[in-house]
Amino acid sequence: MRIGVIGAAGKIGQMRVATILAEPKAELAAVMDMTMEKARAQAHGAPAFTDLGSFLAVPMDAVVISTPAHVREPLCLAAFERGLHVLSEKPLHHTVEGSRRILAAAKAGKRHLGAGFNMRYYPAFAYVKDVMESGKIGEIDHIRVYGGHEGLPKFAFDWEYKSEISGGGALWDVGIHMTDMARHLLGEITEVYGVATEKVWKVPGSEDNAMAIFKSPSGVPAIYQATWTDWKGYKSAVEVYGSHGMVRGAYAPMENMLITMEKPGGATTTVRKRYLDIQIREKLRSWKTTALASFQRELAEFIALTDGGTGLRIADGHAALRAVEVAAAVTESARTGLPVKLENLGAMVP
Ligand SMILES: NC(=O)c1ccc[n+]([C@@H]2O[C@H](COP(=O)([O-])OP(=O)(O)OC[C@H]3O[C@@H](n4cnc5c(N)ncnc54)[C@H](O)[C@@H]3O)[C@@H](O)[C@H]2O)c1
């Protein structure tokens, strides 16, 4: 697959370029960024551009769009217009309407839209999904998801936290990965009830904390928190409780706990996984090594998706849209005090 990268010089864009170079089934077709100097620095022999028309004139099959969300819509629409598949960073767009237009363009062009919810591939979270699917913890009763960090000191740019261009606060930033994780585990989210606070950082429209309950179509609930006031630092966690046990996955550090029992309340067996190789690698090098490994897996699945692959875990266009819709629904519910119902989107068929 010949793949172009838009936003190639960014923190994540550079990692996306590296994964394409390392993927045997992919070739870096072209790169684009805001200045020629930035674009050329990430070109690795491929043509570099600052102009979308010239970039899209290069023969290619797909683009990875790793710009901030608020500039993504025209880039996605032009790519679909040109008949390309798109792998978009998260969130798909900073508005529900923009996300819907992007998805509609993908469907109109019968192209695949993949979303950069790479935490699905973090070993601890993939293990949670595996355990759920194995039936080891019995019938699923409820799940808990959590994503947070210290908030404003983490950000370098306005688009990361100012609601006019970010969409909102913790829900749209660190929280969006765990919104997707909840949907990934529940199958779908069709009901949302939430509360939100803005007491600490006081950025208008950008919640410091959002707490919510999501429900799957069959009524399985998820308890959710996205926060910009986790003074302990960057943390994400998922717990799934079933009739015969529970499984927990967390990062950072990467770890799992699995408790199983023959019958509710029976003798328990506990398994812990600590991923020491990952913890040591991150200490010696960077958290980026873990993100990079997940991007690598995500790219392989994106290629498989466009090739008609099945049984994949990549987030599709419906996952991209639903994560944004749920973030907006939590804010709406916090405003009205009422739950918000959403239709069951299911899997995306281009
Ligand atoms: N999946 C993850 O774990 C993860 C982590 C961090 C950020 N992100 C997401 O990745 C995206 C990029 O984040 P980042 O931290 O790399 O930001 P960044 O600012 O480092 O990079 C963005 C790049 O896009 C370029 N750009 C902006 N507008 C452009 C345009 N119209 N055309 C071409 N290039 C353009 C910028 O010049 C910059 O090089 C965001 O959507 C962010 O939310 C994802």
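Restricting attention to region 238-277 and to residues that are among the acidic types (Asp, Glu) and not in a strand (DSSP E or B), the residue that is nearest to the chain's Cα centre (by Cα) turns out to be 277. Against the test of being within 30 Å of residue 339 (Cβ to Cβ), buried (at least 19 other Cβ atoms within 10 Å of the Cβ) and without any contact (Cβ under 8 Å) to a residue 60 or more places away in the chain, the options 216, 236 yield a single qualifying residue, 216. Exactly one residue out of 303, 280 is over 23 Å from residue 189 (Cα atoms), outside any strand (DSSP E or B) and free of Cβ contacts under 8 Å to residues at least 24 places away in the same chain, and it is 280. Residues satisfying the criterion are absent from region 85-95 (criterion: surrounded by fewer than 24 Cβ atoms within 10 Å (Cβ to Cβ) and among the hydrophobic types (A, V, I, L, M, F, W, C)).
Restricting attention to region 1-14 and to residues that are near the ligand (Cβ under 7 Å from one of its atoms) and β-branched (Val, Ile, Thr), the residue that is farthest from residue 67 (Cα to Cα) turns out to be 12. In the set (1) out of contact with any Asp or Glu (no Cβ under 6 Å at 6 or more places or on another chain); (2) buried (at least 24 other Cβ atoms within 10 Å of the Cβ), residue 165 fails one condition alone, (2). The residues in region 4-53 that are surrounded by fewer than 14 Cβ atoms within 10 Å (Cβ to Cβ), hydroxyl-bearing (Ser, Thr, Tyr) and under 20 Å from residue 73 (Cβ atoms) can be counted, and the count is 0. Out of 309, 317, one residue alone is modelled with pLDDT under 95 and in the same structural domain as residue 186 (by TED's automatic domain parsing). It is 309.
Sort out which residues of region 240-277 are hydroxyl-bearing (Ser, Thr, Tyr) and closer than 25 Å to residue 230 by Cα, and write them in order of number. Those that are hydroxyl-bearing (Ser, Thr, Tyr) and closer than 25 Å to residue 230 by Cα: 241, 251, 275. Number of residues in region 79-95 that are within 13 Å of residue 6 (Cβ to Cβ) and of a type in the set (Gly, Ala, Ser) equals 2. Restricting attention to region 100-131, and to residues there that are surrounded by fewer than 24 Cβ atoms within 10 Å (Cβ to Cβ) and of a type in the set (Phe, Trp, Tyr), which single residue is nearest to residue 61 (Cα to Cα)? So the residue we want is 121.
Based on what the data block shows, is residue 155 touching a residue at least 60 places away in the same chain (Cβ under 8 Å), of a type in the set (Phe, Trp, Tyr) and either buried (at least 20 other Cβ atoms within 10 Å of the Cβ) or within 11 Å of the ligand (Cβ to nearest atom) (or both)? Judged against the criteria, residue 155 is not a match. All conditions in (1) in a loop (DSSP other than H, G, I, E, B); (2) more than 16 Å from the ligand (Cβ to nearest atom); (3) surrounded by fewer than 17 Cβ atoms within 10 Å (Cβ to Cβ) hold for residue 230, with the sole exception of (3).
The values are calculated or read from the model by the stated rules, or taken from the named source; none is laboratory data. Predicted model, so just to flag it, every value in this text is computed and none were measured. Don't worry about glycine lacking a Cβ; one is built from the backbone with ideal geometry, like all the others, and counts go over all protein chains shown.
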